[in-house]
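S.K.: Below you'll find the structure I mean.
The values are calculated or read from the model by the stated rules, or taken from the named source; none is laboratory data. A quick note: this is a predicted structure, and the numbers were derived from the prediction, not measured. Please note: Cβ atoms are built from the backbone with ideal geometry, for glycine as well, and neighbour counts cover all protein chains shown. Surface accessibility is based on the protein's heavy atoms, side chains included, excluding ligands, DNA and RNA. Shrake-Rupley method; radii C 1.70, N 1.55, O 1.52, S 1.80 Å.
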Amino acid sequence: MGGGSKKTVKNVTYAAPPVQRDNSFSQYLQYQQSREQAAEARAARERQEAAAREEARRERGRQALDPMRSNLQRSLDAGLVSYGDASSQLREFGARYDIGGETEQRAQDLSTYYTGTLLPQKRQQQVKSAYKTILGREASEDEMADALASYQAEGWGGSSSGLRQQLKSGSEYRDKFNQSYLDNYYDTMYGKQDK
């Protein structure tokens with residue numbers, strides 16, 4: 001058997017095939033992150049636009065506030081609305097536009113105008129009218145001052161019905177209008193009697 005030849009076996013080293021990394025998960029994460037960033041940017045833009053719209057709405061309300069107060073003041077002057085209605089309309093307007101602080105200042109201005117200017121004028125006119133219609137004459141300065149003081153003291157508010165009742169229950173009214181037939185006859189025949 002011989003002898004022959006020896007075979008040498010060579011060591012063969014196999015190189016591992018190049019490892020192909022599976023990047024699909026990292027690509028998916030990048031895709032998700034880009035979508036979230038785009039969604040966040042869109043949401044931020046929408047929030048900014050909504051805030052800008054809200055501020056524009058409030059600004060429209062601020063610009064319309066003074067004309068609204070002026071219209072209500074003219075309506076008060078004309079007697080078309082009561083002070084309570086005008087005040088509540090002004091506050092509702094402020095609530096609708098979320099401008100409460102500015103509205104409260106205008107409501108205070110309206111209140112000052114009503115109580116300081118309009119209400120005293122109305123009361124003076126009511127006193128003059130009551131004296132003219134009930135007693136048929138003008139009120140003296142003292143009577144005017146007493147009647148105006150009674151508005152506060154008696155709590156008559158904006159109504160002159162309390163003053164009218166007071167005038168009708170007075171002796172001047174009774175002497176002038178609440179006489180019986182017999183009192184009129186005696187006054188005519190013998191003159192006014194002293195009481």
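S.K.: Considering segment 124-138 alone, what residues qualify as being of a type outside the set (Val, Ile, Thr) and open to solvent by 30 Å² or more (accessible area, probe 1.4 Å)? Even if it seems obvious, please write down each step before you answer.
M.R.: Our first condition is that a residue be of a type outside the set (Val, Ile, Thr); within segment 124-138, this holds for 124-126, 128-132, 135-138.
Across segment 124-138, the qualifying residues are Gln124, Gln125, Gln126, Lys128, Ser129, Lys132, Gly136, Arg137, Glu138.
S.K.: In segment 70-83, what count of residues is obtained for those that are open to solvent by 50 Å² or more (accessible area, probe 1.4 Å) and out of contact with any Phe, Trp or Tyr (no Cβ under 8 Å at 6 or more places or on another chain)? Before the answer, list the steps.
M.R.: Here is the first cut: in segment 70-83, the ones open to solvent by 50 Å² or more (accessible area, probe 1.4 Å) are 71, 74, 77-80, 82-83.
Retained after the next criterion (residues that are out of contact with any Phe, Trp or Tyr (no Cβ under 8 Å at 6 or more places or on another chain)): 71, 74, 77-80, 82.
Number of matching residues: 7.
S.K.: For the condition at pLDDT 90 or above and either among the aromatic types (Phe, Trp, Tyr) or surrounded by 12 or more Cβ atoms within 10 Å (Cβ to Cβ) (or both), what is the one hit in Ala43, Ala86? Walk me through it before giving the result.
M.R.: Details: Ala43 fails: either among the aromatic types (Phe, Trp, Tyr) or surrounded by 12 or more Cβ atoms within 10 Å (Cβ to Cβ) (or both).
Ala86 is the lone residue from the list that is at pLDDT 90 or above and either among the aromatic types (Phe, Trp, Tyr) or surrounded by 12 or more Cβ atoms within 10 Å (Cβ to Cβ) (or both).
S.K.: Filter segment 129-182 down to the residues that are among the charged types (D, E, K, R), at pLDDT below 80 and assigned to a loop (DSSP other than H, G, I, E, B) and list them by number.
M.R.: Matches in segment 129-182: Glu154 only.
S.K.: Can you pull out every residue in segment 107-122 that is modelled with pLDDT under 90 and open to solvent by 40 Å² or more (accessible area, probe 1.4 Å)?
M.R.: Thr115, Gly116, Thr117, Pro120, Gln121, Lys122
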